[in-house]
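One structure below.
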Amino acid sequence: MTQPMKFERAIVIGGGITGMLAAKVLSTFYHQVLIIEKDERPDSPENRLGTPQAFHPHRMLPLGKQIVERLFPGYTKELLAMGGFNTRHQTSRFITKDGELTFTDKEETAVTRRAMLEWVLMQRMVNEEERVQFLEKHEAISLQFKEGTNQVIGLIVKNRQVKPGSIHEMKADLVIDTSGRMSKLPKWLKDAGLTLPQTDELNVFLGYSTRYYRIPKEAPHMQSMVIVGQPHQKIPTGLFERVDHDLVAVLLSAAGGSHYPTTDADQFDAETAALTHPAIAEAITHLTPYTNPKGFRVPSCVRHHYEQLQDWPSGLLVMGDSLCTLDPIHGQGMTKAALEAQTLDRMLKQAQKKELLSFEKDTLQQMQRVNELGWWLCAIADMAWEGVELKGDTTIPHLKFVQEFLNRYVQYAIVTKQPERLEAYHRMHSFLTEPREIINLEQLHDMIQADDSGETAEWWSQWDQKNDEHNRAFFHEAVPDFRLQHLLSFD
């Protein structure tokens, strides 16, 4: 920016989890923060119309929980007090075609419904943050620009509390779009005469179906579990997860579009029995169906490259699914949003110290760095399914090698009974471990040495560069450095 930033009023478009995390950060810097939400604010922990995916299981990964706890101390304990299931000291099973490993969760984490996650944040915001105001049943219609400039100075908003709705202006020093997958921002920017950079699009054709079961008092102990699917055989992945103290969610998922898990109550148990292992099917024989199955489909995931726009408007930012949508089946979206909120906090601190030449552009670039690992991991996992396609300028170098290496790494961890290896794999998918700490030449040598059949060595021969220096260069080309240490810094 060529002019000093003002910190009077900020507007957040969207009152979901990303929007509330953004508003919490903004409340430290701005005198007034308005959250524009088109839905009516619920009176209890209920799913909103604007969150059709809310029926399905949601879980904050450890990193996301850590960030949210910094913003809202005591958040996890509140969720547990309202019935969330505490995973601390609980065991869970990770089951593949090669065997299984059991984990014990060492951290206190509340597994519950998305409506409860939003409700606790909303109540904390309303009761504690005098600077934050919810404007429910309000819809952002367009951006408002200062005449003759590229500066956003507010929004045109429709008040849907009255019919047919009243249109009015809302001034702001900063507008942040967190409205999600259905964001109108691309249209607004085009209407302003801007040419948008090409997006990356992962045509995933994902489908998943969830059914909830109640746990009777006489039921045996229920362990959470994942049964990993077989993409080449088009066999879905199955998830069995404790949700609240007396409910279990069973979720079936598959990508590629050739088969979507059923939403028929009579067929759901049969499809569960067709997974690669009978553990979930056996477990639900002890349970009582609580809901009918409900499905959700995601045709594509989109990553916008707004940071490449040379004339990006001042006074405007974008976060969450409005910026980059990840495949929800991997459970990384809320943690990505928390990382973006942490990035916003760090960049606003720098802006206050006048350390940034362009706050908005610099912040967008940092937000995009937050998205890079999640996008890379989703693309690698989803493109194992036939029919999934990646479009755009961003490619995944040596995709097949990385996919097969990770498959063999998981197989190695399970066959050799090394849960710490599998924990490292999960930490990578939770944004806590660099992929290069797992996908490297030394790890490959361990895998080859442990494979008495010689099959891993034979597989590697097609990639072998014949000397360690060239092989290390190959690994570095295949696996980017995502610089997690910087992203995870709270300062």
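The values are calculated or read from the model by the stated rules, or taken from the named source; none is laboratory data. All values derive from a computational prediction rather than experimental measurement. In this analysis, Cβ positions are derived from the backbone assuming ideal geometry, glycine residues included, and neighbour counts consider all displayed protein chains. Areas reflect the complete protein model, heavy atoms only, side chains present, ligands, DNA and RNA absent. Shrake-Rupley method; radii C 1.70, N 1.55, O 1.52, S 1.80 Å.
Scanning region 88-121 for residues that are open to solvent by 60 Å² or more (accessible area, probe 1.4 Å) and either touching a Cys at 6+ places or on another chain (Cβ under 8 Å) or within 30 Å of residue 14 (Cβ to Cβ) (or both) returns 107, 113. Taking region 204-235 as the range and being touching a strand residue (DSSP E or B) at 6+ places or on another chain (Cβ under 8 Å) and either closer than 11 Å to residue 286 by Cβ or surrounded by fewer than 17 Cβ atoms within 10 Å (Cβ to Cβ) (or both) as the test, the residues that pass are 213, 214, 215, 216, 222, 223, 234.
Selection over region 192-247 of residues that are acidic (Asp, Glu) and without any contact (Cβ under 8 Å) to a residue 24 or more places away in the chain gives a count of 1.
All of 179, 142 fail the test of being in contact with a Phe, Trp or Tyr (Cβ under 6 Å, 6 or more places away or on another chain) and open to solvent by 20 Å² or more (accessible area, probe 1.4 Å), apart from 142. Counting residues in region 122-136 that are acidic (Asp, Glu), surrounded by 18 or more Cβ atoms within 10 Å (Cβ to Cβ) and not in a helix (DSSP H, G or I) gives zero.
The set of residues from region 378-433 being assigned to a helix (DSSP H, G or I), among the small types (Gly, Ala, Ser) and under 20 Å from the mean Cα position of the chain (by Cα) comprises 379, 381, 424.
The criterion of at least 2 residues that are under 27 Å from residue 322 (Cβ atoms) is met by the following strands (runs of 3 or more DSSP E) wholly inside region 190-303: 200-203, 206-214, 247-254, 294-298, 301-303. Restricting the search to region 461-476, which residues are open to solvent by 80 Å² or more (accessible area, probe 1.4 Å) and within 16 Å of residue 404 (Cβ to Cβ)? Matches in region 461-476: 462 only. Scanning region 145-173 for residues that are in a strand (DSSP E or B), open to solvent by 50 Å² or more (accessible area, probe 1.4 Å) and within 20 Å of residue 361 (Cβ to Cβ) yields one hit, 145. For region 327-341, a tally of residues being open to solvent by 10 Å² or more (accessible area, probe 1.4 Å) and either in contact with a Phe, Trp or Tyr (Cβ under 9 Å, 6 or more places away or on another chain) or not in a loop (DSSP other than H, G, I, E, B) (or both) returns 5.
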